[in-house]
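**Student:** Below is the structure I would like to discuss, written out as structure tokens.
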């Protein structure tokens, strides 16, 4: 929601959405807010534990069934597999999203990759549309007077106006903007440790065509999964930047990621937002 400084200061039951690329400091900033008065809603955690829990488990079971010893135990119900996703450990969700490319190198075929991307998009939309309901729950059931939504980095790519408008209606959206130096650090991190990402379908299709031509490949099944992530990530940064900015202009404000380094407590978090307003 758009607010003036005096309105924000007078807002007793503050509700914030932290938005930005993974690694810019959203979770770090949220952790500075006292858990006694602020309800933390992790978008990725909600996606993994509710909306994609079954597909994630099915994927793990499918892999386990390839091992004869585990297959017989699973078929006889002698063992069971459960998710252990936490706010700090989202590895099962990341593994499910996967990377596009040669299956022999751990990649997913284009059809399966897009299927999982579509599932993730629908799950993120559902999770973000629950924000209004969770703000009420946090107050009426658990007694929290304030609310913070630690949104996933891909929230800007949902291409769903109703969902973004819902965030803007119920929260002040705070875009955590990376400067050129931090963006370069994020790129270097992806080079060292390429991780699965969500891509807007139109963006993926256009970039995939470019990559295949540049690498003289005939199809996505020839792609080295890690090499593709390293190549596309800088382009993803550039693609998401104006999307983040547009949402912040309409429904909130923008703070510099570097400023988070000096944030110590709730007062500093609020001062950072007030400065942006």
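The values are calculated or read from the model by the stated rules, or taken from the named source; none is laboratory data. All of these numbers come straight from a predicted model, not from anything done at the bench. Neighbour counts run over all protein chains shown; Cβ positions are idealised from the backbone, glycine included.
**Student:** Answer yes if at least one residue in segment 47-58 is under 28 Å from residue 270 (Cα atoms), touching a strand residue (DSSP E or B) at 6+ places or on another chain (Cβ under 7 Å), at pLDDT 90 or above and part of a helix (DSSP H, G or I), and no otherwise.
**Tutor:** Keep residues of segment 47-58 that are under 28 Å from residue 270 (Cα atoms), which gives 47.
Those left that are additionally touching a strand residue (DSSP E or B) at 6+ places or on another chain (Cβ under 7 Å): none.
Scanning segment 47-58 turns up no residue that is under 28 Å from residue 270 (Cα atoms), touching a strand residue (DSSP E or B) at 6+ places or on another chain (Cβ under 7 Å), at pLDDT 90 or above and part of a helix (DSSP H, G or I).
**Student:** Only one of (1) in contact (Cβ under 8 Å) with a residue 12 or more places away in the chain; (2) more than 19 Å from residue 257 (Cβ to Cβ); (3) surrounded by 13 or more Cβ atoms within 10 Å (Cβ to Cβ) is not met by residue 177, so which one is it?
**Tutor:** (2) is the only condition that residue 177 fails.
**Student:** Hey, any hits in segment 71-85 for a residue that's within 20 Å of residue 153 (Cβ to Cβ) and either assigned to a loop (DSSP other than H, G, I, E, B) or in contact with a strand residue (DSSP E or B) (Cβ under 9 Å, 6 or more places away or on another chain) (or both)? Spell out the reasoning first.
**Tutor:** Just the residues of segment 71-85 that are within 20 Å of residue 153 (Cβ to Cβ), to begin with: 85.
Then keep just the ones that are either assigned to a loop (DSSP other than H, G, I, E, B) or in contact with a strand residue (DSSP E or B) (Cβ under 9 Å, 6 or more places away or on another chain) (or both); that gives 85.
Scanning segment 71-85 turns up at least one residue that is within 20 Å of residue 153 (Cβ to Cβ) and either assigned to a loop (DSSP other than H, G, I, E, B) or in contact with a strand residue (DSSP E or B) (Cβ under 9 Å, 6 or more places away or on another chain) (or both).
**Student:** Restricting segment 59-70 to residues that are out of contact with any helix residue (DSSP H, G or I) (no Cβ under 8 Å at 6 or more places or on another chain) and not in a helix (DSSP H, G or I), which is surrounded by the most Cβ atoms within 10 Å (Cβ to Cβ)? Quick ask: steps written out before the conclusion?
**Tutor:** Residues of segment 59-70 that are out of contact with any helix residue (DSSP H, G or I) (no Cβ under 8 Å at 6 or more places or on another chain), as a first pass: 62-63, 66-69.
Restricting the remaining residues to those that are not in a helix (DSSP H, G or I) gives 66-67.
Working: 66: 8, 67: 11.
Only one residue tops the list, namely 67.
**Student:** Also, quick follow-up: Out of the residues in segment 86-99 that are outside any loop (DSSP other than H, G, I, E, B) and either in contact (Cβ under 8 Å) with a residue 40 or more places away in the chain or in contact with a strand residue (DSSP E or B) (Cβ under 6 Å, 6 or more places away or on another chain) (or both), state the one that is surrounded by the most Cβ atoms within 10 Å (Cβ to Cβ). Outline the logic, then answer.
**Tutor:** Looking only at segment 86-99, we keep the residues that are outside any loop (DSSP other than H, G, I, E, B), and these are 86, 89, 91-97.
Keeping just the survivors that are either in contact (Cβ under 8 Å) with a residue 40 or more places away in the chain or in contact with a strand residue (DSSP E or B) (Cβ under 6 Å, 6 or more places away or on another chain) (or both) gives 86, 92-97.
On the way: 86: 13, 92: 19, 93: 23, 94: 15, 95: 15, 96: 21, 97: 20.
Filtering segment 86-99 for residues that are outside any loop (DSSP other than H, G, I, E, B) and either in contact (Cβ under 8 Å) with a residue 40 or more places away in the chain or in contact with a strand residue (DSSP E or B) (Cβ under 6 Å, 6 or more places away or on another chain) (or both), the one surrounded by the most Cβ atoms within 10 Å (Cβ to Cβ) comes out as 93.
**Student:** Next up: Out of all the residues in segment 114-128, which are surrounded by 16 or more Cβ atoms within 10 Å (Cβ to Cβ) and either part of a loop (DSSP other than H, G, I, E, B) or touching a residue at least 60 places away in the same chain (Cβ under 8 Å) (or both)? Step through it out loud before you land on a result.
**Tutor:** Filtering segment 114-128 down to residues surrounded by 16 or more Cβ atoms within 10 Å (Cβ to Cβ) leaves 114, 116-117, 119-121, 123-125, 127-128.
Hits for segment 114-128 are 114, 116, 117, 119, 120, 121, 123, 124, 127, 128.
**Student:** Are any residues in segment 9-41 closer than 18 Å to residue 264 by Cα, in contact with a strand residue (DSSP E or B) (Cβ under 7 Å, 6 or more places away or on another chain) and not in a strand (DSSP E or B), and if so, which ones?
**Tutor:** 24, 25, 26, 27, 29, 30, 33, 37
Yes/no per residue for (1) modelled with pLDDT of 95 or more; (2) under 30 Å from residue 12 (Cβ atoms); (3) more than 17 Å from the chain's Cα centre (by Cα):
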residue	(1), (2), (3)
112	yes, no, yes
117	yes, no, no
128	yes, yes, no
131	yes, yes, no
143	yes, yes, yes
156	yes, yes, no
189	yes, no, no
195	yes, no, no
216	yes, no, yes
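**Student:** Applying the selection to segment 207-238, what residues are closer than 22 Å to residue 153 by Cβ, touching a helix residue (DSSP H, G or I) at 6+ places or on another chain (Cβ under 7 Å) and in contact (Cβ under 8 Å) with a residue 60 or more places away in the chain?
**Tutor:** If the condition is that a residue be closer than 22 Å to residue 153 by Cβ, touching a helix residue (DSSP H, G or I) at 6+ places or on another chain (Cβ under 7 Å) and in contact (Cβ under 8 Å) with a residue 60 or more places away in the chain, then 208, 225, 228, 229, 237 are the ones that fit.
**Student:** Additional query: Taking the residues in segment 219-233 that are assigned to a helix (DSSP H, G or I) and touching a strand residue (DSSP E or B) at 6+ places or on another chain (Cβ under 7 Å) as candidates, determine which candidate is surrounded by the most Cβ atoms within 10 Å (Cβ to Cβ).
**Tutor:** Taking segment 219-233 and keeping what is assigned to a helix (DSSP H, G or I), we get 220-222, 225-233.
Still in the running and touching a strand residue (DSSP E or B) at 6+ places or on another chain (Cβ under 7 Å): 220, 225, 228.
Details: 220: 21, 225: 21, 228: 23.
Checked segment 219-233; the qualifying residue surrounded by the most Cβ atoms within 10 Å (Cβ to Cβ) is 228.
**Student:** Could you please find all residues in segment 250-269 being surrounded by fewer than 17 Cβ atoms within 10 Å (Cβ to Cβ) and part of a helix (DSSP H, G or I)?
**Tutor:** Across segment 250-269, the qualifying residues are 250, 258, 261, 262, 266, 267, 268.
**Student:** Suppose we keep only residues that are surrounded by fewer than 23 Cβ atoms within 10 Å (Cβ to Cβ) and in contact with a helix residue (DSSP H, G or I) (Cβ under 7 Å, 6 or more places away or on another chain) within segment 26-43. Which one would you say is farthest from residue 142 (Cα to Cα)? Break it down stepwise before answering.
**Tutor:** Start the filter on segment 26-43 by keeping residues that are surrounded by fewer than 23 Cβ atoms within 10 Å (Cβ to Cβ), which leaves 27-28, 30-40.
When the remaining residues are screened for being in contact with a helix residue (DSSP H, G or I) (Cβ under 7 Å, 6 or more places away or on another chain), the result is 28, 32-34, 39-40.
Working: 28: 23, 32: 20, 33: 17, 34: 15, 39: 9, 40: 12 Å.
My answer is 28.
**Student:** Which members of segment 101-112 meet the condition of being closer than 16 Å to residue 211 by Cβ, in a helix (DSSP H, G or I) and either out of contact with any strand residue (DSSP E or B) (no Cβ under 9 Å at 6 or more places or on another chain) or without any contact (Cβ under 8 Å) to a residue 24 or more places away in the chain (or both)?
**Tutor:** Within segment 101-112, just 105 meets the criteria.
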